[in-house]
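One structure is given here, and the rest of the page talks about it.
The values are calculated or read from the model by the stated rules, or taken from the named source; none is laboratory data. The shown structure was predicted, so the numbers you read here are calculated from the model rather than taken from an experiment. All Cβ positions, even for glycine, are placed from backbone atoms using ideal geometry, and neighbour counts span all protein chains on display. Side chains are part of the model used for accessible areas, which takes the heavy atoms of the whole protein and leaves out ligands, DNA and RNA. Shrake-Rupley method; radii C 1.70, N 1.55, O 1.52, S 1.80 Å.
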There are 4 protein chains.
Amino acid sequence: MTHTIREKQKLLARVRRIRGQVEAIERALNSEAGCEQVMHLLAGVRGAMAGLMAEVVEAHVRTHLVDAEKYPEALNVDAASQLLEVVRTYLR
Amino acid sequence: MTHTIREKQKLLARVRRIRGQVEAIERALNSEAGCEQVMHLLAGVRGAMAGLMAEVVEAHVRTHLVDAEKYPEALNVDAASQLLEVVRTYLR
Amino acid sequence: MTHTIREKQKLLARVRRIRGQVEAIERALNSEAGCEQVMHLLAGVRGAMAGLMAEVVEAHVRTHLVDAEKYPEALNVDAASQLLEVVRTYLR
Amino acid sequence: MTHTIREKQKLLARVRRIRGQVEAIERALNSEAGCEQVMHLLAGVRGAMAGLMAEVVEAHVRTHLVDAEKYPEALNVDAASQLLEVVRTYLR
């Protein structure tokens, strides 16, 4: 699904950061950290997941909704931006 | 933004139902209803709003992302369906 | 559910503002406004609904989780604040 | 924050499952899986995270909002259940 090597590296970096955040939750539970700290860490992962999903959706819209080789002009860039803005608002 | 008269009627019917639900919350507050009832009514409006947003996003994707008159074949219908499925999951 | 007259007035003011926002969506659909505008208005209602829900949940926690007349000292105010902070984060 | 050994084990099992799901996303990106698959995996993690957060919030409410040793009767169990139902609805 990743469409350039650079994009793939960016997504992978995000996923690895999320894995690190999940491991921090595991450590927090193991070390009997307070509820407050665990809830904070969970909220952090949720935000990071939303950011990753927004990026994947964006890649999907820009790359797959229209076959850009056959129809290089067909995607309405403004309409796509409006859509992605809505998606980002709701993903938070 | 509505693209056929039928689609417009459907969206309007949804909005009017939501307005009725909001008025019910106003009445509940005025009549000193319990927190539980108010929270239930609020959750109901939230669900109805999500359904409306999903429908508007769907209309937007199907109608505006590609100029269908100029490029009748350009929209990848499968990719659009996958996108809308994700949007619906997150809008709940 | 509202616990003081002032609190009730505040919640009612919020609900009425939301009703006005829903009516604006109805007008936008009727006047064939663009998708973008409708999606913006919907996102606005969603935000306002989340704010209202956060306030109702807060009133619920502060008033009903503990019978303050019988147990005036029992609610752990810090723990309640942490909970409400989480609720607000997730309601956005 | 975990309050019994059994509860802690349950939360840890959830976190480890989520870590496994995040690792699956990493593998999917590395193996050039389709957008659709990646979006599905992401939605799965989101659901699992919401379930974990709901459980942590529940533990927090049941354990910390009231000091149960000093005030064993003070927490209104019905009001707490209503609150947790709302939290679960919004966390989905």
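A few remarks follow.
- Between copies, the label points of B:Glu23, set 7 Å from Cα on the Cα→Cβ line, lie 1.1, 5.7, 5.8 nm apart, reported in increasing order to one decimal in nanometres.
- Largest-first ordering by accessible area, 1.4 Å probe, given options A:Thr4, B:Thr63: A:Thr4, B:Thr63
- When the trypsin sites (Lys or Arg not before Pro) in region C:1-87 are filtered for DSSP coil states and for at most 11 other beta-carbon atoms within 10 Å of their beta-carbon, the remaining sites are C:Lys70.
- Inter-copy label distances for A:Lys70: 1.8, 7.0, 7.1 nm (label point placed 7 Å from Cα along Cα→Cβ; shortest first).
- Chain C, rotation onto D, residue closest to that axis via Cβ, with its distance in Å: C:Ala74, 2
- Inter-centroid distance (Cα atoms) of region A:28-92 relative to region C:30-72, Å: 24
- Tilt relative to chain A, helix A:35-64 - C-alpha long axis, 0 to 90 degrees, to 10: 10
- For A:His40, the solvent-accessible surface computed with a 1.4 Å probe is close to 100 Å², ligands and nucleic acids excluded.
- A quarter of the convex hull surface defined by the alpha-carbon atoms of region C:5-91 gives 6.7 nm² as the mean projection.
- What separates the A:Thr4 label point from its copies, with the point 7 Å along Cα to Cβ, is 3.9, 5.5, 5.7 nm, written shortest first.
- Averaged over B:26-37, number of beta-carbon atoms from partner chains that fall within 10 Å: 5
- In region D:5-91, taking the dipole from charged Cβ atoms about the Cα centre, the farthest positive-side position among D:Gln37, D:Met49, D:Thr89 is held by D:Gln37.
- Angle between chain D longest axis and helix D:5-30 axis [Cα atoms, degrees, rounded to 10]: 20
- Computed with a 1.4 Å probe over protein heavy atoms only, the accessible area of C:Glu36 comes to about 80 Å².
- Average partner coverage of D:61-67, which counts Cβ from other chains inside 10 Å: 6
- Taking a ≥ b ≥ c as the square roots of the eigenvalues of the alpha-carbon gyration tensor, the protein assembly as shown is classed oblate because a/c is 1.5 or more while a/b is no larger than b/c.
- Computed from Cα atoms, the angle from the helix C:77-91 axis to the main principal axis of chain C rounds to 20 degrees.
- Charge sum, other residues only, whose C-beta stays under 9 Å from D:Ala50's C-beta, Lys/Arg counted +1 and Asp/Glu -1: +4
- Inter-chain Cβ neighbour count for A:10-22, averaged per residue, equals 4 (cutoff 10 Å, partner chain atoms only).
- Among residues other than A:Thr89 with Cβ under 11 Å from its Cβ, the summed charge is +3 (Lys and Arg +1, Asp and Glu -1).
- Computed from the Cβ-Cβ distance with R0 of 51 Å, the FRET efficiency linking A:Glu23 to B:Arg62 stands at 0.75.
- Whole-number percent relative contact order across region B:5-91, with pairs defined as alpha carbons under 8 Å at least 6 apart: 28
- Most mobile listed residue (B:Val45, B:Val77, B:Val61) in chain B, GNM with C-alpha springs under 10 Å: B:Val77
- Electrostatic dipole magnitude of the protein assembly as shown [Cβ: Lys, Arg +1; Asp, Glu -1; Cα centre; debye, to 20]: 0
- For region C:23-92, the Cβ-based charge dipole about the Cα centre amounts to some 120 debye (Lys, Arg positive; Asp, Glu negative; other atoms uncharged).
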